[in-house]
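Let me begin by presenting the structure, written as structure tokens, before commenting on it.
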Amino acid sequence: MTRPLLQLALDQLDPDAALQSLAGLAPHVDIIEAGTLLCCSAGMGAVRRIRERYPEHIMVVDLKTADAGTEMARMAFGAGADWMTVICAAPLATLEAAQRVAHEHGGEIQVELFGHWTLEQAREWRALGVRQAIYHRGRDAAAKGLGWGAQDLKLLRALADAGIEPSVTGGLTPADLPLFVGIPVRAFIAGRALYGAPDPVAAAQAFHDAIDRGWEG
Ligand code: 5RP
């Protein structure tokens, strides 16, 4: 099984703060995400600044697009995204439109799994050529006590069986990762547990250690 990657989600509202976190963390993560909060607060200008400074990293622009797939994808990929997110509630037409622009740029669309979605939809997304999804425990739901459990693992396995590579996110800490051992996770995505840690580099190392322990070989 391929070793999961580590993705840093930059959800600061201030782009200078995000870039400051990134300066320390970039060598210790595989994927950089311009988070939804950063994109809403600072726009594609912040995405361009990240791309200029870090041309080699995979960069995700997490717009959670619900409509206007062409225009949203032109913004994200025009600013340097490799991957862009479309919310699972979006109509197939939106996904298709975003996917077309992604292909023009050599990029990919990731479906953001949030709230209600079905495996039948996942098969439709796959038929459109989508290869990735983000399995997401919402920040607000987590704050209200939503944990990870057997149902999450069942759905993650079913997604993988449907040919969709899942990344996992939502208040993750290194202590959560053993739960997902045995699942072909593309990337673990962490924001606050990395940039908000007292020692962000040590936190990134703790994620890598947990990944190595669970997915070695
Ligand atoms: C919120 C997001 C976040 O970027 C993602 O959940 C990671 O952030 P954190 O690890 O801080 O929960 O997409 O919608």
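Mind counting the residues in the range 127-139 that are within 11 Å of the ligand (Cβ to nearest atom) and either over 16 Å from the mean Cα position of the chain (by Cα) or modelled with pLDDT under 95 (or both)?
Residues of the range 127-139 that are within 11 Å of the ligand (Cβ to nearest atom), as a first pass: 134-139.
Next, from what is left, pick out any that are either over 16 Å from the mean Cα position of the chain (by Cα) or modelled with pLDDT under 95 (or both): 137-139.
Within the range 127-139, residues that are within 11 Å of the ligand (Cβ to nearest atom) and either over 16 Å from the mean Cα position of the chain (by Cα) or modelled with pLDDT under 95 (or both) number 3.
Can you find a residue that is out of contact with any Cys (no Cβ under 7 Å at 6 or more places or on another chain), outside any helix (DSSP H, G or I) and crowded, with 16+ Cβ neighbours inside 10 Å anywhere in the range 38-55?
yes
Considering only the range 140-217, give the helices (runs of 4 or more DSSP H) lying wholly within it that have at least 1 residues that are at pLDDT 95 or above and surrounded by fewer than 13 Cβ atoms within 10 Å (Cβ to Cβ). Before you say what the answer is, go through the steps one by one.
Working: elements: 150-161, 192-195, 200-215.
Qualifying helices (runs of 4 or more DSSP H): 150-161, 200-215.
Of all the residues that make up the range 21-37, how many are surrounded by fewer than 19 Cβ atoms within 10 Å (Cβ to Cβ) and in contact with a Pro (Cβ under 6 Å, 6 or more places away or on another chain)?
Of the residues in the range 21-37, 1 are surrounded by fewer than 19 Cβ atoms within 10 Å (Cβ to Cβ) and in contact with a Pro (Cβ under 6 Å, 6 or more places away or on another chain).
Please work out which residue is surrounded by the most Cβ atoms within 10 Å (Cβ to Cβ), limiting yourself to the range 99-126 and to residues that are part of a loop (DSSP other than H, G, I, E, B) and more than 11 Å from the ligand (Cβ to nearest atom). Let's see the steps before the verdict.
First, the residues of the range 99-126 that are part of a loop (DSSP other than H, G, I, E, B): 105-107, 114-118.
After this cut, where a residue has to be more than 11 Å from the ligand (Cβ to nearest atom) as well, the list is 105-107, 115-118.
Working: HIS105: 16, GLY106: 8, GLY107: 22, GLY115: 11, HIS116: 8, TRP117: 18, THR118: 9.
The residue in question is GLY107.
Among the residues of the range 1-60 satisfying the criterion of being at pLDDT 95 or above and hydroxyl-bearing (Ser, Thr, Tyr), which is farthest from the ligand (Cβ to nearest atom)?
At the first step, the residues of the range 1-60 found to be at pLDDT 95 or above are 3-60.
Checking the rest, the ones that are also hydroxyl-bearing (Ser, Thr, Tyr) come to 21, 36, 41, 54.
Numbers: SER21: 12, THR36: 5, SER41: 13, TYR54: 17 Å.
This residue is TYR54.
Name the single residue that is nearest to GLN132 (Cα to Cα) among those in the range 2-20 being polar (S, T, N, Q) and buried (at least 19 other Cβ atoms within 10 Å of the Cβ).
First pass over the range 2-20, keeping only residues polar (S, T, N, Q): 2, 7, 12, 20.
Checking which are buried (at least 19 other Cβ atoms within 10 Å of the Cβ) leaves us with 7, 12.
Working: GLN7: 14, GLN12: 25 Å.
Within the range 2-20, the match that is nearest to GLN132 (Cα to Cα) is GLN7.
Please tell me if VAL60 is closer than 24 Å to ARG139 by Cβ, assigned to a strand (DSSP E or B) and touching a Phe, Trp or Tyr at 6+ places or on another chain (Cβ under 6 Å).
Details: closer than 24 Å to ARG139 by Cβ: yes; assigned to a strand (DSSP E or B): yes; touching a Phe, Trp or Tyr at 6+ places or on another chain (Cβ under 6 Å): yes.
Taking the combined requirement at face value, the residue satisfies it.
The values are calculated or read from the model by the stated rules, or taken from the named source; none is laboratory data. What you see is a predicted model, and the numbers here were worked out from it, not measured in a lab. Counting neighbours? That spans all protein chains shown, and the Cβs are built from the backbone with ideal geometry, glycine included.
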